[in-house]
Amino acid sequence: MGAASLTIDLDAICANWAALDALSTAHVETAAVIKADAYGLGAARVGPALAAKGVRSFCVAVAEEGRVLRRALGEGPDIYVFAGHMAGDTGLIEEADLIPMLNAPEQVVRHMEALPGHGFGVQLDTGMNRLGLEPDDWAALRDDLMQAGPRLVISHLACADEPDHPMNAQQLRAFREMTDGVAHRRALSATGGTLLGPEYHFDMVRPGVGLYGGLPFADARPVVRIDLPVIQTRIVRPFETVGYGNAWDAHVESRIATVAAGYADGLIRAMGDAAQVFAGDVPCPVVGRVSMDLITVDVSHLDEVPDSLEILGPHQGVDDLADAAGTIGYEILTSLGPRYNRSYTGGA
Ligand SMILES: *Cc1c(COP(=O)(O)O)cnc(C)c1O
């Protein structure tokens, strides 16, 4: 077994969902965002595990993801598509029974012409300027859309991971101005907004990253564990170097372990020697550059080198690794790649 192992704890994902769900009152539904293949962890496993715990609404980015998820979930749960009703998606939306979040006037026209009577949602722009109907478009289309009866009216916060950012209150105000009086269900918040408090909950919250153990949900249970098999160890003498570019040199005689994963597995090169791995509870520094398939680690201080070293898990979470690489937990998770020996625990 040369490849590194990636273990995904489905019970921890379900527990994180339940903990986020408990932050809002009973009338607020907690959906689950499982776009990008459940943030890299496998929507076909994560979706059914959450559905079994009572999750009734799921969100994906594009219709193709919705089709895969529908196969895994079967009939029943709602699947919302953030990209809305794109040209060419009509057949998919109908067959997989997806709910497109219409976000531009062209999409409204396309949906009403191609699939009149088929469920849809509306996404409004409240200042992020990424997706959603602009206030003027909304004003022009609002009556027709309200008559057709959207399943959900949403917007998305740009700065919810910074609770004190004035943008949060500004977008909340804009969302209220645009939707107060609307008789249909409303939703504004992802993980960050869910943590901002009840004003931000409306009728539904839709966390993603918090389910998978990432910030801003600081109380999340860790979900992912990665163990890297040690392929070989060697003694490196003073002034000898390790890895590409001679980026590290030994000042004292050192024992170096070479482990089986690299940037092709999403252990991105930028983390370099700011990262560490763990032998049980003992941290071991990464030395030299991260290669495509290999990482080198200083294990001089260990009495015994174990068969594998942990790079993600209880000792070092996705956000710790992200910090070392100058990125965010979301990017670590979605970069993990197909080469691991993947296994799932829990979820029964
Ligand atoms: C990705 C996304 C979410 C989930 O965001 P997290 O920060 O991962 O909780 C919710 N809503 C929309 C519109 C998104 O694009």
Note on Arg221: of the conditions (1) within 16 Å of the ligand (Cβ to nearest atom); (2) over 22 Å from Gly266 (Cα atoms), unmet is (2)
Within region 107-118, does at least one residue satisfy the condition of being touching a strand residue (DSSP E or B) at 6+ places or on another chain (Cβ under 6 Å), open to solvent by less than 30 Å² (accessible area, probe 1.4 Å), of a type outside the set (Gly, Ala, Ser) and under 18 Å from Phe58 (Cβ atoms)?
no
Scanning region 33-60 residue by residue, those among the small types (Gly, Ala, Ser), part of a loop (DSSP other than H, G, I, E, B) and away from the ligand (no atom under 13 Å from the Cβ) turn out to be Gly42, Gly54
Kindly list, by first and then second residue, each pair from a residue in region 79-100 that is in the same structural domain as Glu65 (by TED's automatic domain parsing) and modelled with pLDDT of 95 or more to a residue that is acidic (Asp, Glu) and open to solvent by 40 Å² or more (accessible area, probe 1.4 Å), limited to pairs with Cβ atoms under 8 Å and residues at least 6 apart or on different chains.
Ile79/Asp97; Val81/Glu65; Leu92/Glu64; Asp97/Glu75
If I ask for residues that are part of a strand (DSSP E or B) and open to solvent by 20 Å² or more (accessible area, probe 1.4 Å), which ones from region 2-12 would you list?
Ser5, Thr7, Asp9
Which residue pairs have Cβ atoms closer than 8 Å, lie 6 or more positions apart in sequence or on different chains, and pair a first residue in region 327-348 that is under 13 Å from Ala261 (Cβ atoms) and of a type in the set (Gly, Ala, Ser) with a second residue that is open to solvent by 30 Å² or more (accessible area, probe 1.4 Å) and not in a strand (DSSP E or B)?
Ser335/Ile268; Gly337/Ala264
Matching residues in region 203-216 (within 8 Å of the ligand (Cβ to nearest atom) and in a loop (DSSP other than H, G, I, E, B)) number 5
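Only one of Ala260, Ala270, Ala279 is in contact with a Gly (Cβ under 7 Å, 6 or more places away or on another chain), more than 17 Å from Trp248 (Cβ to Cβ) and assigned by TED's automatic domain parsing to the domain that holds Val318. Can you tell me which?
On the way: Ala270 fails: more than 17 Å from Trp248 (Cβ to Cβ); Ala279 fails: in contact with a Gly (Cβ under 7 Å, 6 or more places away or on another chain).
The match here is Ala260.
Only one residue in Ala15, Ala19, Ala26, Ala52 is in contact with a Cys (Cβ under 9 Å, 6 or more places away or on another chain), open to solvent by 30 Å² or more (accessible area, probe 1.4 Å) and among the small types (Gly, Ala, Ser), so which one is that?
Details: Ala15 fails: in contact with a Cys (Cβ under 9 Å, 6 or more places away or on another chain); Ala19 fails: in contact with a Cys (Cβ under 9 Å, 6 or more places away or on another chain); Ala26 fails: in contact with a Cys (Cβ under 9 Å, 6 or more places away or on another chain).
Matching residue, one of Ala15, Ala19, Ala26, Ala52: Ala52.
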Looking at (1) more than 22 Å from the chain's Cα centre (by Cα); (2) assigned to a loop (DSSP other than H, G, I, E, B); (3) small (Gly, Ala, Ser), find the lone condition where Gly91 falls short.
(2)
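Give the number of residues within region 121-146 that are away from the ligand (no atom under 15 Å from the Cβ) and within 21 Å of Arg67 (Cα to Cα). I'd like the intermediate steps shown before the answer.
Filtering region 121-146 down to residues away from the ligand (no atom under 15 Å from the Cβ) leaves 134-146.
Narrowing the set further to residues that are within 21 Å of Arg67 (Cα to Cα) leaves none.
Number of matching residues: 0.
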Tally, over region 273-293, of residues that are touching a residue at least 40 places away in the same chain (Cβ under 8 Å) and surrounded by fewer than 20 Cβ atoms within 10 Å (Cβ to Cβ):
2
Looking at (1) in contact with a Phe, Trp or Tyr (Cβ under 7 Å, 6 or more places away or on another chain); (2) buried (at least 22 other Cβ atoms within 10 Å of the Cβ), which one does Thr241 not meet, given that it meets all the others?
(2)
Give the number of residues within region 168-201 that are on the phi > 0 side of the Ramachandran plot and either within 16 Å of the ligand (Cβ to nearest atom) or in a helix (DSSP H, G or I) (or both).
1
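Tally the residues that are polar (S, T, N, Q) and open to solvent by 30 Å² or more (accessible area, probe 1.4 Å), restricting the search to region 68-103. It would help to see each step written out before you state the result.
Taking region 68-103 and keeping what is polar (S, T, N, Q), we get 90, 103.
Filter once more, keeping what is open to solvent by 30 Å² or more (accessible area, probe 1.4 Å): 90.
Looking only at that region, the number is 1.
The values are calculated or read from the model by the stated rules, or taken from the named source; none is laboratory data. Note that the structure is a prediction, hence the values are computed from the model and not measured. Cβ sites come from the backbone with ideal geometry, for glycine too, and all protein chains shown count toward neighbours. For accessibility, only protein heavy atoms count, side chains too; no ligands or nucleic acids. Shrake-Rupley method; radii C 1.70, N 1.55, O 1.52, S 1.80 Å.
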